[in-house]
Every structure is written in structure tokens, then in C-alpha cells.
Amino acid sequence: MVGAQLRDIAQELATLLWREHTVYRERSGGMVIRGEHVRRWISLAPAGGRDEILVRAGRILDGGTTAPARSEAVVPLSAGTGVLAAACRRLLADAAADASRPAPDREDTGRPRRSGKSRTSRRSQRRNGRGRHTGFSSWVILVCVAGVIALFAYTSAMHG
């Protein structure tokens, strides 16, 4: 997707979402729409497909810094600006609902209680290599490193 096309889409979308807004380019090449008065932001970036756009939404914290995206969606550009605006509104509503939730309960240790993450999110984390257990490729690398160290020790003992 051409940067000018993404900028035009972001400008058009910003006027649909908020009367007061700021549109700027991210370092990664995507566009950000900030609504300071509603303390929310929307990010638009090219997605994997040619006709797709990755839309992310989050909150603006005190002091003007942005919180990480709380929700995201991939929207086809061929669907039109109305569908894109509806997806943005849904993501913004999710971000607003997230902000209104109370802080997690804390135990005596001062750490937040473990949230009951869904089984599917754990599965997707493992599939993406961010799971709790060491992956197969990590074990292969560890065995190779141990083998190199053992070979070095053996040759040092034989020639040393």
C-alpha cells in the first residue's frame, strides 16, 4: 500500500470519527489518529494482504503518552470507509470498556492475581513461539552448544 493512500484514508477516517484530531505518520510507516479530547488513538498499518489494513486502538494516558493497543482487527479496504469507521468505533469501544474496568485485585504479595487466560490464547502463544515451555529449536541449539563445549574439553584433555 502506498503511503499517500494510507494517509488519505487516515485523514478521511479521522473526520468521520472525531471533530478534533491529529493525524501523523509512525516510524514504521503506518498512520496514527489521536483524539486527545476522548483520550483514544487509532493506528492504521498495511496488513499481510494487499487489500487489507491492520487497525489497532488504544488509550492516551495522563501526560499524553499512549498505552499499548488493547484491540486490533484486519479490515479489507475494498469494504469502504464506512465499514472501516465501524470497525474503528468497535475497537474504540473495546478500549473504553477496558479503561472503565476496575484494577485487578491484589493479594498480600502485592502482585496481581493471575487472570484466567483462555486456552486459545495460550495455544496461539505457543504457536507463535512465546509460550511458557522451551521450543524444539531452542533444545537443538542447547544440545549443539553443549556438544561444542564437550568437544573442546575433550580435545584440550587429549592434547593438553
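The values are calculated or read from the model by the stated rules, or taken from the named source; none is laboratory data. Treat the numbers as computed from the prediction; the structure is a model and nothing was measured. Ideal geometry is used to build each Cβ from the backbone, glycine not excepted, and the neighbour counts take in all protein chains shown. We work out accessible area using only protein heavy atoms, side chains counted, and drop any ligands, DNA or RNA first. Shrake-Rupley method; radii C 1.70, N 1.55, O 1.52, S 1.80 Å.
List the GluC sites (Glu not before Pro) within the stretch 1-30 that DSSP assigns to loop and that have no more than 11 neighbouring Cβ atoms inside 10 Å.
Here the GluC sites (Glu not before Pro) that fit, given the DSSP loop and packing criteria, are GLU20, GLU26.
Can you sort SER138, SER28 by 1.4 Å-probe accessible area, starting with the largest?
SER28, SER138
Once the other residues with Cβ under 9 Å from the Cβ of VAL32 are scored (Lys, Arg +1; Asp, Glu -1), what is the net sum?
Within the 9 Å Cβ shell, the charges total +1.
Might you work out the accessible area of THR22 for me, using a 1.4 Å probe with all protein chains in place, and round it to the nearest 10 Å²?
Surface accessible to solvent at THR22 totals approximately 70 Å².
If Rh is defined by the Kirkwood formula over all Cα pairs and Rg also comes from Cα, what ratio Rg/Rh do you get for the stretch 1-96?
Rg/Rh for the stretch 1-96 comes to 0.93.
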